[in-house]
Amino acid sequence: MLFILIVYEELILGYRQMGQSNYWRRQEMTKLKMLKFNGEKIFTTKKYIALLAILCTFLWGSAYPVIKLGYDIFDIQPNDSFLKLIFAGYRFLIAGIILMLIQKLMGKSIMPKSISDFKSFVLLGIVHTLMQYVFLYIGMTNTTGVKSSILGSLSSFINIVIVHFIHKDDKLSIKKIIGCAVGFLSIIVLNFEGGSLSGSFKLIGDGFLIFSALMGSIGSIYNKSLVKTNDVFVTTGWQLIFGSLMLIIIGKSAGGTLYIVSTESWVLLLYMALLSSVALVVWATLYKYNKVGNITMYNFLTPIFGAILSAFLLGEWIFDVKSLAALVLACMGIWIVNRN
């Protein structure tokens, strides 16, 4: 009889524990669903979209003066393109590793939905990280800073034109064309010096910068299609790792060597990795839930933030009528595209 009672109590206790376990499991599932819902709501609400897009462009804008500081810290000369590729490679490799660590800390898998997706991540890494930055660094070495800023902003136009032919719900419209034109005018105003923007076209300079903008646009749009079936952290993390390794291999094969010895160099490299990882994940998520044309317009703020932050970090004077006019034009372009 005592044995029966003990068995009975154990069964009751087991059922209770099972019920509690199922209860907590249901609670966790509910929390995850609420988190997913809240996440989607944040990335599809206009005021949050604007704040997140501005955050991304602010981070990317900060990269301009920080890269210049990095060239001084690592003693990278203006014509040393291969050492610049290694510098970029280390930055993106650390960024990719950070995203993978965050994914693991959240208790999620760092593997794609299918092993075959690795091919897509490699291709994305080639286009969005390797080719974009190879063309960018070589192009910047062979043209002026003014042209680099203007030609780099072409990615916003290219994005809007490409998605017009790919996505039926993201077609070109009059307000998008006008908004882009006003936004592009802000970049020209920002870089207007000496009464003109003259200079001959160089394929290895100006042409490469256009190719870089094209690769960045294609990569962003391709990334949008991949994150439909894969986690944003996984997609971004793997493409950064694959692309950065290729950048490092190319740079080292040409004899480049980058030494990271000081605390200052580690802090700078870590900040650049963090800004890349945060901005890319947030931007990819904005692309996932919104029309590309409505998000890409915010890119016009990047060089403006770059100019403002350069004033603080590098001591460059930019607080004049020209800079204020550029900021107003960029904001007008964004407003025109996104207004109802």
Sort 133-141, 249-257, 286-294 for me by packing, meaning the mean count of neighbouring Cβ atoms within 10 Å per residue, highest on top. 133-141, 286-294, 249-257
Here P(r) for the range 238-340, Cα-Cα distances in 10 Å bins, as whole percents, is 11, 27, 32, 23, 6, 0
Considering only Cα-Cα distances, which of the following residue pairs are longer than 29 Å: K84/K228; K46/K104; K68/K252; K47/K119? K84/K228; K46/K104; K47/K119
Karplus (6.51, -1.76, 1.60) ³J(HN,Hα), θ = phi - 60°, over the range 85-100, in Hz, Gly and Pro reported as x: 5, 5, 4, 5, x, 4, 4, 6, 5, 5, 4, x, 5, 4, 5, 5
How large a share of the accessible area of the range 34-132, in percent, is made up of carbon and sulfur atoms when the probe is 1.4 Å and the other protein chains stay in place? 69
Mean Cβ-within-10 Å packing, highest first, puts peptides 114-120, 55-61, 231-237 in the order 231-237, 55-61, 114-120
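The values are calculated or read from the model by the stated rules, or taken from the named source; none is laboratory data. Please read these numbers as outputs of a predicted model, since none were measured by experiment. All Cβ positions, glycine included, derive from the backbone under ideal geometry; neighbour counts span all protein chains shown. The protein model used for the area step is the full one, side chains on, heavy atoms only, and it has no ligands, DNA or RNA in it. Shrake-Rupley method; radii C 1.70, N 1.55, O 1.52, S 1.80 Å.
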